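Trainee: I'd like to ask you about the structure that follows.
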Amino acid sequence: MKPYMLPRLRDVLFMAVFFAALLLGPRMLNMDGDLPRHMAIGRYVLQGNLPPVNDIFSHTVPGAPFAPHKWLSGVLFYLAYLVFEERGMVLLSATALAATFTIIYVRGGGPGWCQAALLPPGGIWRGIDFPALDCAPAHFHDVVVCAVAGFDR
């Protein structure tokens, strides 16, 4: 078999993480208690509003100052829900998780970085949300952090 016919290790890594996340889909949906709030903010923004700066969803402290720093991922999760229901949210999270691991592998110089990303507490960088395999808007933060972070080989 010719070597160019074989998949690269980073492609295998992406597919392994992607399919593992898909298999854990129903469990992933129940792990993040903030997901409904993020989706409500996404729906609110898609209805033509700016992201709220006061808490409009709370019954205990309505109108309190609020910083929806993950509003864009809330929009993405809500759109995924509208199109594919719960499966769309799992698909979106699986893609973000797989992309994060692949970026760590490619930019970090090999498999050692992927293993280090799994170490507690929360990976190499405190901003990375591993090994949390859940449907969470933080996964998009992880992709961005890994894409722009400087790696020394």
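Trainee: Kindly evaluate residue 113 against the criterion of being more than 18 Å from the chain's Cα centre (by Cα) and at pLDDT below 70.
Mentor: On the way: more than 18 Å from the chain's Cα centre (by Cα): yes; at pLDDT below 70: yes.
Yes, satisfied.
Trainee: What are the residues in region 73-103 that are farther than 19 Å from residue 43 by Cα and under 10 Å from the mean Cα position of the chain (by Cα), if any?
Mentor: Once the filter is applied, which keeps residues that are farther than 19 Å from residue 43 by Cα and under 10 Å from the mean Cα position of the chain (by Cα), region 73-103 yields 94, 95, 96, 97, 98, 99, 100.
Trainee: Checking the condition in contact with a Leu (Cβ under 9 Å, 6 or more places away or on another chain) and either small (Gly, Ala, Ser) or not in a loop (DSSP other than H, G, I, E, B) (or both), which residue from 13, 92 passes?
Mentor: 92
Trainee: Consider only pairs whose beta carbons are under 9 Å apart and that are at least six residues apart or on different chains; among these, list those whose first residue lies in region 49-70 and is within 28 Å of residue 143 (Cβ to Cβ) and touching a residue at least 24 places away in the same chain (Cβ under 8 Å) and whose second residue is assigned to a loop (DSSP other than H, G, I, E, B) and hydrophobic (A, V, I, L, M, F, W, C).
Mentor: Note: pairs meeting the criteria are 68/53; 70/136.
Trainee: Out of region 74-110, which residues are among the polar types (S, T, N, Q) and surrounded by 22 or more Cβ atoms within 10 Å (Cβ to Cβ)?
Mentor: 93, 100
Trainee: Right, something else. I need a count of the residues in region 21-77 that are among the hydrophobic types (A, V, I, L, M, F, W, C) and farther than 15 Å from residue 93 by Cα.
Mentor: Of the residues in region 21-77, 13 are among the hydrophobic types (A, V, I, L, M, F, W, C) and farther than 15 Å from residue 93 by Cα.
Trainee: A further question on this structure: Is region 49-70 home to any residue that is at pLDDT 85 or above, at positive phi, part of a loop (DSSP other than H, G, I, E, B) and over 15 Å from the mean Cα position of the chain (by Cα)?
Mentor: Checking region 49-70: at least one residue is at pLDDT 85 or above, at positive phi, part of a loop (DSSP other than H, G, I, E, B) and over 15 Å from the mean Cα position of the chain (by Cα).
Trainee: Is it the case, given these coordinates, that residue 16 is at pLDDT 80 or above, exposed (fewer than 13 other Cβ atoms within 10 Å of the Cβ) and more than 23 Å from residue 79 (Cβ to Cβ)?
Mentor: When the stated conditions are applied, residue 16 passes them.
Trainee: Would you mind stating whether residue 119 is modelled with pLDDT under 90 and among the hydrophobic types (A, V, I, L, M, F, W, C)? Full working, then the answer.
Mentor: Working: modelled with pLDDT under 90: yes; among the hydrophobic types (A, V, I, L, M, F, W, C): yes.
So residue 119 fits the description; yes.
Trainee: I've got another one for you. Among the numbered conditions (1) modelled with pLDDT under 70; (2) not in a loop (DSSP other than H, G, I, E, B), tell me where residue 128 comes up short.
Mentor: Result: residue 128 fails condition (2) only.
The values are calculated or read from the model by the stated rules, or taken from the named source; none is laboratory data. Computed from a predicted structure; not experimentally measured. Please note: Cβ atoms are built from the backbone with ideal geometry, for glycine as well, and neighbour counts cover all protein chains shown.
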